[in-house]
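S.K.: Here's a structure for you.
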Amino acid sequence: MSLLVVGSVAYDALESPYGKVERTLGGAATYFSVAASFFTPVNLVAVVGDDFHPQDEKIFSARSIDIEGLERAKGKCFFWAGRYSENLNERVTITTELNVFAAFKPRLPEKYRNSKYVFLANIAPDLQRDVLQQVKGRPKLAAMDTMNYWIERTNADLRETLKHVDILMINDSETRELSNEHNLLRAAKHIFKMGPSALVVKRGEYGALLIDKNGVFCIPAFPLEEPHDPTGAGDSFAGGFMGYIAGAESTSDAALRRAMVYGSVLGSFTVERFGLERLLKLKKSEIHARARHFAKLTQFKL
Ligand code: AMP
């Protein structure tokens, strides 16, 4: 079952204690699509400028990622620069240039309009809503991400978009900022009043939480000896999660739990190298082997 995503396709400048890249393909929808494409075909809605490199287009066309919805516009691609602290836990944004995204009006190709699984990756909340409104009927599952940039600048718009999604998938600091609540369980209760019926909290090296009507499900992050660059880990998590659900065509509690594991698996591969490097070399067999490893890591008897 194909999966629709809208979000940023960007060029990133990245700096971590392990190295530096001046300009590499990134963006939330890019990481999401590549991660999800291991499980299901993906339909991508985004915009790029005239500096978008043909070599980068091949990253999508070499996979089951449809780019009929990737608009070309005059101007430059979204550009983001970030730097990580010594322990990789803190990140500062140096630059965010919306460029072609500032005037983007998404128009869904006809064949995307029957999508049953929709992910609104990190981008302006009015664009996320615009895409969701063009989908015919109610999707089986609509999930979204956002970040402090949008929570602070476009809060009213974000709250409007939240009314229309089932799952909100954000990191712990964003959860606290959005809900004004430090405790994540209490934060979830606040967020449920805004619209979503489930919350996935991404907690970096501490793993992830799923909170919904069935209670709480926790998974650790895969222990890595040498993480290099956390950029895109959250989007890869979302891609693994939604890709698994769309591929399995199930939103049962058991499927959601497995999706959390596949999300964590994809996120863990992304941080092993800079930018998209590790995801682009990844094999399906490695994904399944790491998922089995996860099952062993978390198994115990009482
Ligand atoms: P993550 O590390 O999962 O938070 O995602 C990093 C990706 O998000 C980078 O590749 C950036 O290009 C993209 N990004 C950063 N800031 C924004 C923003 N304000 N809106 C949309 N995408 C962004």
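S.K.: Looking at Phe222, Phe274, which is the one that is of a type outside the set (Asp, Glu) and either free of Cβ contacts under 8 Å to residues at least 60 places away in the same chain or within 14 Å of the ligand (Cβ to nearest atom) (or both)?
M.R.: Just one listed residue meets the conditions, Phe274.
Quick grid of which residues meet (1) aliphatic (A, V, I, L, M); (2) farther than 20 Å from Leu88 by Cβ:
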site: Asp12; (1), (2): no, no
site: Ser33; (1), (2): no, yes
site: Ser37; (1), (2): no, yes
site: Thr40; (1), (2): no, yes
site: Val45; (1), (2): yes, yes
site: Asp50; (1), (2): no, yes
site: His53; (1), (2): no, yes
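Quick grid of which residues meet (1) within 13 Å of the ligand (Cβ to nearest atom); (2) within 20 Å of Arg113 (Cβ to Cβ):
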{"position": "Ser16", "(1), (2)": "yes, no"}
{"position": "Lys20", "(1), (2)": "no, no"}
{"position": "Leu25", "(1), (2)": "yes, no"}
{"position": "Ala29", "(1), (2)": "yes, yes"}
{"position": "Phe32", "(1), (2)": "yes, yes"}
{"position": "Leu44", "(1), (2)": "no, yes"}
{"position": "Arg63", "(1), (2)": "no, no"}
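S.K.: Answer yes or no as to whether Ser197 is small (Gly, Ala, Ser) and either under 28 Å from Gly82 (Cα atoms) or open to solvent by less than 10 Å² (accessible area, probe 1.4 Å) (or both). Walk me through how you get there before you give the answer.
M.R.: On the way: small (Gly, Ala, Ser): yes; either under 28 Å from Gly82 (Cα atoms) or open to solvent by less than 10 Å² (accessible area, probe 1.4 Å) (or both): no.
No; evaluated as a whole, the condition is false for this residue.
S.K.: Ok, one more. If I filter segment 165-182 for residues that are out of contact with any helix residue (DSSP H, G or I) (no Cβ under 7 Å at 6 or more places or on another chain), of a type in the set (Lys, Arg), away from the ligand (no atom under 14 Å from the Cβ) and more than 25 Å from Glu277 (Cβ to Cβ), do I get at least one hit?
M.R.: no
S.K.: Could you list, in sequence order, all residues of segment 275-302 that are among the aromatic types (Phe, Trp, Tyr) and either open to solvent by 30 Å² or more (accessible area, probe 1.4 Å) or touching a Phe, Trp or Tyr at 6+ places or on another chain (Cβ under 6 Å) (or both)?
M.R.: As a first pass, look at segment 275-302 and keep what is among the aromatic types (Phe, Trp, Tyr): 294, 300.
The answer is Phe300, and nothing else.
S.K.: Identify the single condition in (1) within 16 Å of the ligand (Cβ to nearest atom); (2) over 30 Å from Thr251 (Cα atoms) that Glu86 does not satisfy, given that it satisfies every other one.
M.R.: (1)
S.K.: Moving on. Could you list, in sequence order, the residues of segment 159-198 that are acidic (Asp, Glu) and farther than 20 Å from Val131 by Cβ?
M.R.: Within segment 159-198, Asp172, Glu174, Glu177, Glu181 qualify.
S.K.: With the structure loaded, tell me whether Asn99 is farther than 20 Å from Phe274 by Cβ, in contact with a Ser or Thr (Cβ under 9 Å, 6 or more places away or on another chain) and crowded, with 18+ Cβ neighbours inside 10 Å or whether it fails that test.
M.R.: No; evaluated as a whole, the condition is false for this residue.
The values are calculated or read from the model by the stated rules, or taken from the named source; none is laboratory data. It should be emphasised that the depicted structure is a prediction, and the values quoted were computed from it without experimental measurement. Positions of Cβ are backbone-derived with ideal geometry, glycine not excepted, and every protein chain shown enters the neighbour counts. Quick note on the areas: whole protein, heavy atoms, side chains included, nothing else; ligands and nucleic acids left out. Shrake-Rupley method; radii C 1.70, N 1.55, O 1.52, S 1.80 Å.
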